[in-house]
């Protein structure tokens, strides 16, 4: 009862003190709110950017999980293949993973020499099952000329815009693929360009081609064999658990199971650097916020030496004085925090709906985002709560020194203070 | 039992050549219900003496007892408790908390004591009637005159039912009529509630109303006289 009474009266004094010097409290609150809003914006924007990058990698290249022969990705070689891919796919669906798996597709991958009548270039050939691939990849949406691949063994090929330019070929032109089959023999096939795609990612547009799965299997000397099985999950959050589950169920087959993080380590590194950057900015903003609060609370304490002395004379204890000052800082942070969160949420709402086109500022942005250079912010509770928690923590920490200073005042000295 | 007892109390401020002997070898007792005035010119040590009795300063030498308890040995926290429970303060400058209303200023000590809401309300209602500030209950200090603020300060000092109230020149900032009314109020409370009052003053009118007067000069008791 006593504690509740004490906190009640201390809170009352603290709140009224916050509004006592309205201009000072407004300026400090505005600085805190602005700092918080910036951090919420940065978190939302960064999360959105990262999510788009991940989505780009997952939906254009890797899927969430890939199953392959051991060390296939270290050296892509037709001699490394999965013998009975359909049984593995059956296993995936029978392992109670169906609710978590959105789609599964097979790919054949090999390096090849691609020649037109004028030029030739090295490229990564990806054999896909057009219908299944549509469930996993957004490749079809990137076609800027012509159409998507047809099923079965059609002698057609999708080629990147940049590669087409390098080979001086266009829609309907014929090009020849030459590669080494799994048994060491040379496999070759003439294919007609059915579509030209532009992903916005230079590496893909310059050096990747897509052909029907059956065609790729024949060139590589396969029957039903494939290079990789690509799994797309319903949600990215399932990645770790499904990875563990697949590793367990497929461990006896000697296959390698890799996540997109293993397959695109540079992307993981970029995301990590982005996060570190956010923490650095967070640190700078909070240092500024902390100095603002420290200044405000110190001034507030210095101005009220005599008043604090009177309260102590009446019988308030040191720790109650400390609590009073901390509560003052807490309420200041609560007001500023509410405003900052409202502004930050407004910013996230707007940018998640309309996005921000970065292409005018950075020509290289497509390297990370693909063809869609508009970045959309992403709302996460973490993105709001962590900065908010930081604001409250910093407010309390910054107010500790003035609070302890107030509590250590000698009453006699304060009463002489005018 | 003496409510207050000072035993050869001295207080020295500063060090070496800058030493100031504010109070030297002062001893006296104050009995329950006394209305004691400590008088003397500026710098005679009146405020220092009240600070020592109130436990907001420690003597350099000697002992101060409140209800037979040696307060010079108490920790800072224990002295805070003692002031909260057994000592009331009235200041020359009123010293109300500016962000609290009259009622909230009066109630502050009761809240710190952990007294329940019903009793707090009863005590506050009684005291604001007794000191004649019923209509000022919800005003903040800046909305009151000096005399009104001092009445609130008297109510604040009394509401916790302390053993002794220390008043440091309570009428010095008031005009003579208001000063007299405040003194009469304190005297009335002294008679009615039997609360011991010790106040410092150099106002002759205040001395007239005291039951005993201690005259200080240069930090020493020069004389003492009892009034009827």
Query raised in the report: Taking a quarter of the surface of the Cα convex hull of region B:108-228, what do you get in nm²?
Result: 8.7 nm²
Query raised in the report: Could you give the angle, 0 to 90 degrees to the nearest 10, between helix A:2-18's Cα long axis and the longest principal axis of the Cα atoms of chain A?
Result: 80 degrees
**Report entry** FRET efficiency estimate (nearest 0.05) - Cβ-Cβ, residue A:131 to residue A:188, R0 25 angstrom
**Finding:** 0.40
**Report entry** Folded to 0 to 90 degrees: helix A:381-407 orientation relative to chain A principal axis, Cα
**Finding:** 30 degrees
Report summary line: Here D for region A:71-253, in µm²/s, from Stokes-Einstein with a Kirkwood Rh over Cα pairs at 20 °C and 1.002 mPa s, works out to 126 µm²/s
Query - Relative contact order of region B:12-92, pairs being alpha-carbon contacts under 8 Å that are 6 or more residues apart, as % - result: 19 percent
Requested in this report: Give me B:191, A:41 ranked fewest to most by other Cβ atoms within 10 Å of their Cβ, as a rough exposure proxy.
Outcome: B:191, A:41
Query raised in the report: At what distance in angstrom do the alpha carbon centres of region B:18-95 and region B:189-208 lie from each other?
Result: 16 Å
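Could you sort the peptides B:57-67, A:105-115, A:257-267 by per-residue average Cβ neighbour count (10 Å cutoff), highest mean leading? Show your work: numbers first, answer last.
On the way: B:57-67: 18.8, A:105-115: 21.9, A:257-267: 17.3.
Highest mean packing first, the order is A:105-115, B:57-67, A:257-267.
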Report task. Would you mind telling me which residue in B:11, B:76, B:85 has the biggest mean-square fluctuation in a Gaussian network model of chain B, where springs connect alpha carbons within a distance under 10 angstrom? Result -> B:76
Query - DSSP-defined antiparallel bridges as percent of all bridges, region A:88-222, nearest 5 - result: 70 percent
Requested in this report: Among DSSP beta bridges whose residues both lie in the protein assembly as shown, state the antiparallel percentage, nearest 5.
Outcome: 70 percent
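Suppose we look only past 25 Å in the calculated P(r) of region A:1-156. What percent of the Cα-Cα pairs does that tail hold?
Roughly 59 percent, once rounded to a whole number.
Efficiency by 1/(1 + (r/R0)^6): what FRET value for residue A:244 and residue A:75, r their Cβ-Cβ distance, R0 = 25 Å, to the nearest 0.05? Provide the component values of the computation, followed by the final result.
On the way: r = 27 Å, r/R0 = 1.06.
For R0 = 25 Å, the calculated efficiency reads 0.40.
Please compute the average number of Cβ atoms from other chains found within 10 Å of each residue's Cβ in peptide A:312-324.
5
Considering Cα pairs under 8 angstrom that are at least six residues apart, work out the relative contact order of chain A and quote it in whole percent.
Values: 727 pairs, mean separation 111.8, N = 418.
Over chain A, the number comes to 27 percent.
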Report task. Determine, for B:24, A:28, the number of other Cβ atoms within 10 Å of each Cβ, and report the residues in order from fewest to most. Result -> B:24, A:28
Report summary line: Debye calc, one equal point scatterer per Cα of chain B, no solvent, log10 I(q)/I(0) at q = 0.14, 0.17 1/Å comes to -0.87, -1.25
Query - Sequence-separation-based contact order of chain B, relative, with Cα cut under 8 Å and 6+ spacing, percent - result: 29 percent
Query raised in the report: For the Cα atoms of chain A, what angle does the longest principal axis make with the long axis of helix A:318-353, in degrees from 0 to 90, nearest 10?
Result: 30 degrees
Query raised in the report: How big is D for region B:63-105, in µm² s⁻¹ as a whole number, if Stokes-Einstein is applied with the Kirkwood radius of its Cα pairs at 25 °C and 0.890 mPa s?
Result: 198 µm²/s
Report task. Please report, to one decimal in angstroms, the Kirkwood hydrodynamic radius of the protein assembly as shown built from all distinct Cα-Cα pairs. Result -> 31.5 Å
Query raised in the report: Using a Gaussian network model of chain A with C-alpha springs under 10 Å, which one of A:74, A:234, A:135 is most mobile by mean-square fluctuation?
Result: A:74
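Where a number appears in this text, it was derived from the coordinates with a stated rule and is not lab data. Source: prediction; values computed, not measured. Reconstructed Cβ throughout: ideal geometry from the backbone, glycine too, with neighbour counts over all protein chains shown.
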